[in-house]
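To start, the structure under review is shown below, and the notes come after it.
The values are calculated or read from the model by the stated rules, or taken from the named source; none is laboratory data. Note that the structure is predicted; figures quoted are calculated from it, not measured. Every residue, glycine among them, receives a Cβ derived from its backbone with ideal geometry; neighbour counts consider all protein chains shown. The accessibility values were calculated without ligands, DNA or RNA, using every heavy atom of the protein model including side chains. Shrake-Rupley method; radii C 1.70, N 1.55, O 1.52, S 1.80 Å.
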Amino acid sequence: MKILFLDQSGKLGGAELCLLDIAKPYKDSCLVGLFADGSFKELLQQHNIPVQILTTQSIQVRKESTFLQSLGSISSIAPLIAQVARLARDYDVIYTNTQKALIVGALASVLTRRPLVYHLHDILSTDHFSSTNRYLAVTVANRCASLVIANSQATQAAFIAAGGRADMTHVVYNGFDIRNYQQHQLHSEQVCNQLGLAGKFLVGHFSRLSPWKGQHILLAALAQCPENVVAIFVGDALFGEEDYVQQIHQQVTELQLEKRVKFLGFRSDVIPLMNACDLVTHTSIAPEPFGRVIVEAMLCGRPVVAAQAGGAVELVETGKTGWLVPPGEPTQLASVIVSCLNQPEKTAAIAYQGQLAANQRFDLQVIEQQLTQLLNQVNIK
Ligand code: UDP
């Protein structure tokens, strides 16, 4: 099957890393069209996946845009739509991976009569989207898409609650090449030494720096933990959240955590870093649509504590395969960190159960089969 994948981002977020894995089996017959240049293009090229930057003009619809602003932007992207429509004639399916890609792909799909797939990686709720953008996404998907793939039940439920058609929506979790996660345990001591954090209880946070990802919650929790608990923050501000970066650095100073916290920026070696952690934390204060970092920590066999909302609730069974704590609640998070520190055997047993569960539920091969089945149905309609 020939697939034209579309994604608006040049940067590497969870949706893009998921698309990378989805596109791999189709690399001889697909094209990934991006609406911005950046590290995502380079990563696709490294994996020999055909990629093309389709526009150099940024599309000015923000998550909080009004209806008129959104409509104005659509008229300004007419050349992009025409280009996508030209390309789409050589493909069987248009597969859109982000909201702006959906809008462009939908219009191209109408022009070329190619079936449209929308892979929904966002919770369409007021936490993340203006009512206009929710309305646009749902209306366009309802009218034009043959298939909506939701990355969790939470994402699916929010789509349906916003008026999305339930009959064409299927939940497919992100898949992971599980072999990649089990090769780095031997080097964790070396990584801790390199970080200058050997002998400490190392807590990891792996997310772009953004208020809703809640790095400030982990900092507040850390201040309530013993001195030998330290943290690494892996990730960068991807979408202009520089104020937040300043805010959390100030928080580090105010809480006198300078010697206990390291910000490592964006890293492409997440797996060895996770393996070096004694505990991985997820602290989003708004519902997480899926939460790749949670599954990745489980696959590494590391204990994980996640914020109890959105897709995270589907990934972790609290007290069995990890822990869930109320979002935005540093004291309960601190209490889980301290109990992991004080009860290493129990913690390791839970991490092991988490790893078994994740290996079983998120194996890329199984997820690929689910996707292929769904895409075949779209293609023969
Ligand atoms: N990630 C990465 N380098 C970093 C920080 C994060 O490669 O420095 C990866 C992380 O391993 C995960 C993804 O980015 O695969 C983030 O996905 P998630 O679903 O957790 O959050 P999203 O970015 O989709 O909001």
**OP:** Work out the FRET efficiency for residue 166 and residue 17 from their Cβ-Cβ distance, taking R0 = 35 Å, and round it to the nearest 0.05.
**Re:** 0.80
**OP:** Give the carbon-plus-sulfur fraction of the accessible surface of the chain in %, rounded to a whole number; probe 1.4 Å, heavy atoms of protein chains only.
**Re:** 49
Original post:
In this model, which of 24/262; 41/100; 24/213; 2/100 are farther than 26 Å apart at the alpha-carbon?
Top reply: 24/262; 24/213
Subject >> 3J(HN,Hα) from dihedral phi, region 100-108, Karplus parametrisation 6.51/-1.76/1.60, rounded to Hz, x for glycine, proline >> reply: 5, 4, 4, 4, 5, x, 5, 5, 5
Original post:
Shape of region 256-357 from its Cα gyration tensor (a ≥ b ≥ c, root eigenvalues): rounded if a/c is under 1.5, otherwise prolate when a/b > b/c, or oblate?
Top reply: rounded
Subject >> Amide H within-cut-off set for residue 95, under 5 Å, with H built and near neighbours excluded >> reply: 4, 5, 6, 117
Original post:
Once phi is turned into θ = phi - 60°, what whole-Hz ³J(HN,Hα) does the Karplus curve with 6.51, -1.76 and 1.60 give for every residue of region 43-56, x standing for Gly and Pro?
Top reply: 5, 4, 5, 4, 9, 6, 9, x, 9, 9, 7, 8, 7, 9
**OP:** Search the structure for amide H atoms under 5 Å from the amide H of residue 263, placed 1.01 Å from N in the peptide plane, and list their residues when 5 or more places away or on another chain.
**Re:** 233
Original post:
So if we plug the beta-carbon distance of residue 268 and residue 86 into 1/(1 + (r/R0)^6) with R0 = 41 Å, what FRET efficiency do we get, rounded to 0.05?
Top reply: 0.75
Subject >> Only Lys, Arg (+1) and Asp, Glu (-1) charged, at Cβ; region 214-348 dipole about Cα centre in debye >> reply: 360
Subject >> Karplus-derived 3J(HN,Hα), 6.51/-1.76/1.60, for each residue of region 206-215, Hz, glycine and proline x >> reply: 10, 7, 4, 7, 7, x, 6, 7, x, 4
**OP:** Over the chain, average the accessible area per residue using a 1.4 Å probe and give it in Å², no decimals.
**Re:** 43
**OP:** Tell me which residues come under 5 Å, amide H to amide H, from residue 306 once H is placed; ignore anything under 5 positions away on its chain.
**Re:** 282, 323, 324, 325
Original post:
By how many nm would the segment from residue 189 to residue 29 lengthen if fully extended, with 0.36 nm per residue of separation less the alpha-carbon distance?
Top reply: 53.3 nm
Original post:
Quick one: length gained pulling residue 343 to residue 78 fully straight, 0.36 nm per residue minus the C-alpha distance?
Top reply: 89.5 nm
Original post:
Rounded to the nearest 0.05, what FRET efficiency do residue 56 and residue 153 have when you use their Cβ-Cβ distance and R0 = 35 Å?
Top reply: 0.40
Subject >> Neighbourhood charge, 12 Å Cβ-Cβ cut-off, centred on residue 308 and excluding it, Lys, Arg +1 and Asp, Glu -1 >> reply: -4
Subject >> For region 200-268 and region 137-169, distance of Cα centres in Å >> reply: 34
